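A.B. asks: Sending over a structure as structure tokens; questions will come in a sec.
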Amino acid sequence: MYGFLIAVGILLLLSIIWMVYRIQTLVSVVKGSDKKIATGSNKVNAIMFVLFLVGATVLMFWYSIKEFDNYNLPVASEHGVITDELFWITMAVTGIVFIITHVLLFWFPYKYQYKEDRKASFYPENNKLELIWTTVPAVVLALLVIGGWRAWSDITAPAPENSHVVEIMGYQFAWEVRYPGMDNVLGEHDYRLINSSNISGVDFSDKNALDDFSSPVVVIPKGEPVLFKIRARDVLHSVFAPHMRLKMDAVPGMPTRFWFTATKTTEEMRAELNDPEFVYEIACTEICGRGHFSMRKEIRVVEPEEYRKWLADQKPYIVNNPALVADLPAELKELAEITISEYK
Amino acid sequence: MATAHTATHSATGHDHHDHEHHDNFITKYIFTTDHKMIGKQFLVTGMFWAIIGGLLSLIFRLQLGFPDMKLEWLRPVLGGWITPDGALDPEFYLALVTMHGTIMVFFVLTAGLSGTFSNFLIPLQIGARDMASGFMNMLSYWLFFVSSVIMFISLFIETGPASGGWVVYPPLSALEQAMPGSGLGMTLWLVAMTFFIASSLLGGINYITTVINLRTKGMSFSRLPLTIWAFFLTAIIGLLSFPVLFSAALLLVFDRSFGTSFYLSDIYIGGEALPNTGGSPVLYQHLFWFLGHPEVYIVLLPALGITSEIIATNSRKPIFGYKAMIISMLGITILSFVVWAHHMFVSGMNPFLGSIFMFLTLIIAIPSAVKVFNYLTTLWRGNLVFTPGMLFSIGLVSFFISGGLTGIFLGNSAIDIQLHDTYFVVAHFHLVMGSASFFGMVAGIYHWFPKMFGRMMDARLGYVHFWLTFIGVYMVFFPMHYIGIAGFPRRYYSWTGFEFSNMYTDLNMFVSAAAIITFAAQFIFLFNFFYSMFRGRVASLNPWRSNTLEWTTPLHPGHGNWPGEIPAVYRWPYDYSKPGAKEDFIPQTVPLSATPESNLPHEQELVKLEKEIIADEETDLVANESKES
Ligand code: HEM
Ligand SMILES: [Cu+2]
Ligand SMILES: [Cu+2]
């Protein structure tokens, strides 16, 4: 149906163009205007530039203002506030340049359109001007970069000692979230240990792994640093938490990390946005195959007390599935069984 | 006339008389060594690819703009890639995106743009009979052709073409288990790209040698048109960076087929743990972007060169800051090799590297800014003639500004954390590289069509084409900034699965509709192109009243370009509207001694020197003539 309509549209367009084309060629031959340097169209084109400038500017401002709350995602992390600020400073600087250069670019064609009796001015160079417009952008850019560099250094600095560690592993096509348990140390892992009951390849012969647990949602406390340890088990993925202004690739064979501090609980954000359905999300931003667009994980930001309560309620892998430790050497197995009984 | 012999600086010795070679169809149109015909071959192949690449994008834009649309009507073409309930297969969506990117970047904007205009213009504008090696040049086209055929075939195989994005990052592209496109489709991609790289290298070597060695008398580097400077530097960039892409591809071939682990490590896929350890996917990214970033300038510089020429000619003014333009291009050439890792800020590489590349990246913005200011000043107080070529050139400057400014956001690693791999990046590079280069190419076609085919393209169709395309491109790519800022990720088959991106369906619909209109408008151009080739108004010898050498050739230059002596050059190519001169242009072939009324003081001093050259020429000519008779 659409296809048919499009086909008819194209056909119509083509035939109109054909007719206009034939007529105007004949007319121009009759008028002899094909010998002139600039015909009446020159003026039309010149005016079009000005119209375009005005029209596009109005549209841009109208839409940017009207939609501001839609495209401007609320921010919920400490560093996100800083990078957002950098973003908007850059927007202001480049916005001004954008408008000035475009006003000139579209106004000159109107102002200096071809006139038979005028000669263009022969103005081949001016080293002073070149110098000015080399140094001014250089200085402005330097200022912008220094801001960016300081933010970047802070963001990528080692995570604070007391960070809550969460492991996020990407695989086709989902995220697996592992918590280190009470000891806040993740157990070792090895990709050769992966199977259907141990999808992140946790090595349970490491006693740090005994209290590790998995969670269907990423639960984190507000106001305390959180360290995402990120890895992938098949192809590249990328952890993207838009409200946290957080993004880091998940690379098979090379663990990566990103730490941040959330500033608003999910509940607070719901109240602020007046949207009871609101959730923080993680998406994948590195192409990884068929299900790339569907790797969704939820982040739930809660008050620290609530976080600690939640943490205490979680059951380690080995409690949910004691078979995981069945093959361990005797002494480790004993340790594991003690852990299991503690949680019962 | 027939006695006029080729001058000493003839490209291929003395087998170029002005009488036509007795070419048959095959040597004239197919296995030709004439740079002009080879340029046209690149052009037509590039146009073919542009249509294919455009069509692919329309299909995936249908999916994004109208996700609920029933696509059964595409089944005759796409077969099993349309699911039983009439939707597009998500894997095929990725294949479309990948092939669109590959085709546009390499086959249209590298081969179609550089291949066409470097070939066509270098000998004509520097005053040479042909390229340094006509045979290598022919080989370059035919390797490109082979590459095209292989890439084209890969579109039709059962498992689909390569689908891992145009950057084909491993492990996704290395493992057949990861997606079907990484099987035979990816193999064909690699083979095609190998031929493509060979083609680019052969072409590039030829362009460089030709520019260095075959300039006509008086054509010093400081008198080269900016087009030639651009093609020359582009070829150098290509020559230095394409081999690195080749090595990246070669290691990928090893990983895929011979069990090595350059890029693979600790992988569990399809229910088994692979034996590979110790490789690094990030290594591939470094190698790829070492070409990848220069590549964006390989695509853009020729377009900038073309517009410099067109804007100067149609402003009837010298290009402002000729030297500054060259220095900027040199700066871009050098810097383009040291900014690659700005594509990898969040790839997991050392953040310290990120800081270094952030500083380097923002340095490269400076020469880009200088070029923009120079364009603007060239327009200032000009006497502007809006030929279609001129319109498209002004359009290019606009895109270059819009897209260049967003580069400043992306080059700032702190800001890029949020924007990386979102639609903001898509908007950025489609404006600055895609649309700008495309406009440069179209501008070049309108401008040099009379030289290519001896006829004019219709100007009014050109105006309509320009305005539809210019407005259309902005309607397609400007809105993408908004959805990018909102965080919409790239290469998504659908965004409705997430709360944060479950909106802007109206805007996406608008973008898709605009894309369809813009694409349709290109048929005006295609019609104009092919119709004018046979039925267009016959062109005058110098229709734009331009200064450069190509307009001193006959309407249909034969193989060898100039029937007699190659003209010598006495001035730079931008003597437009010189005070004192009668006309508003003085071609490069007019000696300074012939224009005492308009010479600048320092030029007056050159007149003496010039007299000697002219005397030289004369004796050459006489000597030749006596030899002949
Ligand atoms: C003002 C100068 C420029 C700066 C500072 C700049 C910066 C950047 C940065 C940082 C990225 C990576 C963004 C990301 O993936 O997160 C990027 C992407 C890109 N840029 Fe630029 N850019 C500039 C000019 C250009 C030019 C002139 C071109 C083309 C001729 C270009 C073409 C591209 C392309 C193709 C990509 C995307 C590649 C991909 O990921 O698929 N850029 N640019
Ligand atoms: Cu993904
Ligand atoms: Cu780049």
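A.B. asks: For the stretch B:343-363, give me each residue that is within 20 Å of A:P255 (Cα to Cα) and either of a type in the set (K, R) or more than 16 Å from ligand 2 (Cβ to nearest atom) (or both).
C.D. replies: Step one: of the stretch B:343-363, the residues within 20 Å of A:P255 (Cα to Cα) are B:343-354.
Residues satisfying the conditions are B:H343, B:M344, B:F345, B:M349, B:N350, B:P351, B:F352, B:L353, B:G354.
A.B. asks: Which residues, counting only those in the stretch B:484-510, are surrounded by 21 or more Cβ atoms within 10 Å (Cβ to Cβ) and either in contact with a Lys or Arg (Cβ under 7 Å, 6 or more places away or on another chain) or over 25 Å from A:P74 (Cα atoms) (or both)?
C.D. replies: B:F498
A.B. asks: Also, I was wondering about something else. Among the residues of the stretch A:315-332, are any modelled with pLDDT under 95, in a helix (DSSP H, G or I), among the hydroxyl-bearing types (S, T, Y) and more than 27 Å from the chain's Cα centre (by Cα)?
C.D. replies: yes
A.B. asks: From the list B:L88, B:L71, B:L78, B:L121, pick out the single residue that is at pLDDT below 90 and open to solvent by less than 10 Å² (accessible area, probe 1.4 Å). Full working, then the answer.
C.D. replies: Values: B:L88 fails: at pLDDT below 90; B:L78 fails: open to solvent by less than 10 Å² (accessible area, probe 1.4 Å); B:L121 fails: at pLDDT below 90.
Of B:L88, B:L71, B:L78, B:L121, the one residue that is at pLDDT below 90 and open to solvent by less than 10 Å² (accessible area, probe 1.4 Å) is B:L71.
A.B. asks: Restricting the search to the stretch A:35-55, which residues are within 7 Å of chain B (Cβ to nearest Cβ) and open to solvent by 40 Å² or more (accessible area, probe 1.4 Å)?
C.D. replies: Scanning the stretch A:35-55 gives A:I37, A:M48.
A.B. asks: Determine, yes or no, whether A:R296 is surrounded by fewer than 16 Cβ atoms within 10 Å (Cβ to Cβ), away from ligand 3 (no atom under 16 Å from the Cβ) and either facing another protein chain (nearest Cβ under 9 Å) or among the basic types (K, R) (or both).
C.D. replies: no
A.B. asks: Then there's this: Looking at the stretch A:226-243, which of the residues that are out of contact with any Asp or Glu (no Cβ under 9 Å at 6 or more places or on another chain) and at pLDDT 95 or above is nearest to A:H189 (Cα to Cα)?
C.D. replies: So in the stretch A:226-243, the residues out of contact with any Asp or Glu (no Cβ under 9 Å at 6 or more places or on another chain) come out as A:226-227, A:234.
After this cut, where a residue has to be at pLDDT 95 or above as well, the list is A:226-227.
Numbers: A:V226: 21, A:L227: 18 Å.
This residue is A:L227.
A.B. asks: Could we say that B:D416 is over 30 Å from B:I122 (Cβ atoms), more than 7 Å from chain A (Cβ to nearest Cβ) and within 13 Å of ligand 1 (Cβ to nearest atom) here? Please lay out each step first, then the result.
C.D. replies: On the way: over 30 Å from B:I122 (Cβ atoms): yes; more than 7 Å from chain A (Cβ to nearest Cβ): yes; within 13 Å of ligand 1 (Cβ to nearest atom): yes.
So B:D416 fits the description; yes.
A.B. asks: Of all residues in the stretch B:238-256, which are in contact with a Ser or Thr (Cβ under 8 Å, 6 or more places away or on another chain) and either more than 16 Å from ligand 3 (Cβ to nearest atom) or of a type in the set (F, W, Y) (or both)?
C.D. replies: Matches in the stretch B:238-256: B:F242, B:F246, B:A249, B:L251, B:L252, B:F254, B:D255, B:R256.
A.B. asks: Also, quick follow-up: For residues that are crowded, with 18+ Cβ neighbours inside 10 Å and touching a His at 6+ places or on another chain (Cβ under 7 Å), scanning just the stretch A:174-204, find the one that is nearest to the other protein chains (Cβ to nearest Cβ).
C.D. replies: That would be A:G201.
A.B. asks: Only one of (1) farther than 27 Å from B:G484 by Cβ; (2) more than 10 Å from chain A (Cβ to nearest Cβ) is not met by B:T387, so which one is it?
C.D. replies: It is condition (2) that B:T387 fails.
A.B. asks: Let me ask you something else. State all residues of the stretch A:56-83 that are surrounded by 14 or more Cβ atoms within 10 Å (Cβ to Cβ) and either in the same structural domain as A:Y280 (by TED's automatic domain parsing) or farther than 23 Å from A:I99 by Cα (or both); if no residue qualifies, say none.
C.D. replies: A:N70, A:L73, A:P74, A:V75, A:A76, A:S77, A:E78, A:H79, A:G80, A:I82, A:T83
A.B. asks: Restricting to the stretch B:207-235, what's the tally of residues that are within 20 Å of B:T552 (Cα to Cα), touching a helix residue (DSSP H, G or I) at 6+ places or on another chain (Cβ under 7 Å) and small (G, A, S)?
C.D. replies: Residues that pass the stated criteria total 1.
A.B. asks: Related question: Applying the selection to the stretch A:249-258, what residues are within 7 Å of chain B (Cβ to nearest Cβ) and buried (at least 24 other Cβ atoms within 10 Å of the Cβ)? Explain how you work it out, then say what you get.
C.D. replies: Here is the first cut: in the stretch A:249-258, the residues within 7 Å of chain B (Cβ to nearest Cβ) are A:249, A:251-254, A:256.
Correct list: A:D249, A:V251, A:P252.
A.B. asks: With respect to B:F242, is the statement that it is under 19 Å from the mean Cα position of the chain (by Cα) and open to solvent by less than 10 Å² (accessible area, probe 1.4 Å) true?
C.D. replies: yes
A.B. asks: Shifting gears a bit: If a residue must be within 28 Å of B:S413 (Cα to Cα), of a type outside the set (A, V, I, L, M) and buried (at least 22 other Cβ atoms within 10 Å of the Cβ), how many such residues does the stretch B:302-332 contain?
C.D. replies: Residues flagged as within 28 Å of B:S413 (Cα to Cα), of a type outside the set (A, V, I, L, M) and buried (at least 22 other Cβ atoms within 10 Å of the Cβ) within the stretch B:302-332 amount to 1.
A.B. asks: Considering each residue of the stretch B:277-288, count those that are in contact with a Gly (Cβ under 8 Å, 6 or more places away or on another chain) and open to solvent by less than 40 Å² (accessible area, probe 1.4 Å), and give that number.
C.D. replies: 4
A.B. asks: Return yes when B:I334 is within 16 Å of ligand 3 (Cβ to nearest atom) and either in the same structural domain as B:L431 (by TED's automatic domain parsing) or not β-branched (V, I, T) (or both) and no when it is not. Give the steps one after another, and end with the answer.
C.D. replies: Working: within 16 Å of ligand 3 (Cβ to nearest atom): yes; either in the same structural domain as B:L431 (by TED's automatic domain parsing) or not β-branched (V, I, T) (or both): yes.
Here the answer is yes, as B:I334 does meet what is asked.
A.B. asks: In the stretch B:522-567, how many residues are over 30 Å from A:L13 (Cβ atoms) and out of contact with any strand residue (DSSP E or B) (no Cβ under 8 Å at 6 or more places or on another chain)?
C.D. replies: Residues of the stretch B:522-567 that are over 30 Å from A:L13 (Cβ atoms), as a first pass: B:540-542, B:545-567.
Keeping just the survivors that are out of contact with any strand residue (DSSP E or B) (no Cβ under 8 Å at 6 or more places or on another chain) gives B:540-542, B:548-554, B:556-567.
Of the residues in the stretch B:522-567, 22 are over 30 Å from A:L13 (Cβ atoms) and out of contact with any strand residue (DSSP E or B) (no Cβ under 8 Å at 6 or more places or on another chain).
A.B. asks: Give me the pairs, please: first residue somewhere in the stretch B:401-425 and without any contact (Cβ under 8 Å) to a residue 40 or more places away in the chain, second residue anywhere and within 7 Å of ligand 1 (Cβ to nearest atom), beta-carbon distance under 6 Å, and either six or more positions apart or on two chains.
C.D. replies: Pairs found: B:G403/B:H428; B:G403/B:V432; B:G404/B:S368; B:G404/B:V432.
A.B. asks: Here's something else I'd like to know. Could you tell me which residue of the stretch B:246-298 is farthest from the other protein chains (Cβ to nearest Cβ), considering only residues that are away from ligand 2 (no atom under 16 Å from the Cβ) and among the polar types (S, T, N, Q)? So that I can check it myself, show each step before the final result.
C.D. replies: Start the filter on the stretch B:246-298 by keeping residues that are away from ligand 2 (no atom under 16 Å from the Cβ), which leaves B:246-266, B:268, B:270-280, B:282-284, B:286-298.
Now narrow it down to the ones that are among the polar types (S, T, N, Q): B:247, B:257, B:260-261, B:265, B:276-277, B:280.
On the way: B:S247: 20, B:S257: 18, B:T260: 14, B:S261: 9, B:S265: 3, B:N276: 8, B:T277: 7, B:S280: 6 Å.
Once the filter is applied, the top-ranked residue is B:S247.
A.B. asks: Only one of A:W259, A:W310 is over 19 Å from B:P489 (Cα atoms), within 19 Å of the chain's Cα centre (by Cα) and not acidic (D, E); which? Don't jump to the end; show me each part of the working.
C.D. replies: Details: A:W310 fails: within 19 Å of the chain's Cα centre (by Cα).
When all the criteria are applied, what remains is A:W259.
A.B. asks: Okay, moving on. Mind listing just one residue for me: the one in the stretch B:340-356 that is within 13 Å of ligand 1 (Cβ to nearest atom), more than 9 Å from chain A (Cβ to nearest Cβ) and without any contact (Cβ under 8 Å) to a residue 60 or more places away in the chain and, of those, farthest from the chain's Cα centre (by Cα)?
C.D. replies: So, considering only residues that are within 13 Å of ligand 1 (Cβ to nearest atom), more than 9 Å from chain A (Cβ to nearest Cβ) and without any contact (Cβ under 8 Å) to a residue 60 or more places away in the chain, the one farthest from the chain's Cα centre (by Cα) is B:A341.
A.B. asks: Still on this structure: Given the criteria over 11 Å from B:G411 (Cβ atoms), surrounded by 21 or more Cβ atoms within 10 Å (Cβ to Cβ) and away from ligand 1 (no atom under 13 Å from the Cβ), does B:N374 qualify?
C.D. replies: Numbers: over 11 Å from B:G411 (Cβ atoms): yes; surrounded by 21 or more Cβ atoms within 10 Å (Cβ to Cβ): yes; away from ligand 1 (no atom under 13 Å from the Cβ): yes.
Judged against the criteria, B:N374 is a match.
A.B. asks: So which of B:E583, B:E605 is open to solvent by 50 Å² or more (accessible area, probe 1.4 Å) and more than 25 Å from B:M457 (Cβ to Cβ)? Talk me through it step by step, then tell me what you get.
C.D. replies: Numbers: B:E583 fails: more than 25 Å from B:M457 (Cβ to Cβ).
Only one candidate qualifies: B:E605.
A.B. asks: Given the structure, is A:V145 among the aliphatic types (A, V, I, L, M) and within 27 Å of the chain's Cα centre (by Cα)?
C.D. replies: Numbers: among the aliphatic types (A, V, I, L, M): yes; within 27 Å of the chain's Cα centre (by Cα): yes.
Spelling it out, A:V145 is indeed among the aliphatic types (A, V, I, L, M) and within 27 Å of the chain's Cα centre (by Cα).
A.B. asks: Here's another thing I want to ask about it. So for the stretch A:14-27 (the condition being among the hydroxyl-bearing types (S, T, Y) and surrounded by 12 or more Cβ atoms within 10 Å (Cβ to Cβ)), does at least one residue qualify?
C.D. replies: Filtering the stretch A:14-27 for residues among the hydroxyl-bearing types (S, T, Y) gives A:15, A:21, A:25.
Imposing the further condition that a residue be surrounded by 12 or more Cβ atoms within 10 Å (Cβ to Cβ) reduces the set to A:21, A:25.
Looking through the stretch A:14-27, at least one residue is among the hydroxyl-bearing types (S, T, Y) and surrounded by 12 or more Cβ atoms within 10 Å (Cβ to Cβ).
A.B. asks: Okay, moving on. Restricting to the stretch A:117-141, name every residue that is under 26 Å from B:N599 (Cβ atoms) and within 9 Å of chain B (Cβ to nearest Cβ).
C.D. replies: Result: A:R118, A:K119, A:A120, A:S121, A:F122, A:Y123, A:P124, A:E125, A:N126, A:N127, A:L129, A:E130.
The values are calculated or read from the model by the stated rules, or taken from the named source; none is laboratory data. Everything numeric in this text was worked out from a predicted model, so none of it was measured. Cβ sites come from the backbone with ideal geometry, for glycine too, and all protein chains shown count toward neighbours. Side chains are part of the model used for accessible areas, which takes the heavy atoms of the whole protein and leaves out ligands, DNA and RNA. Shrake-Rupley method; radii C 1.70, N 1.55, O 1.52, S 1.80 Å.
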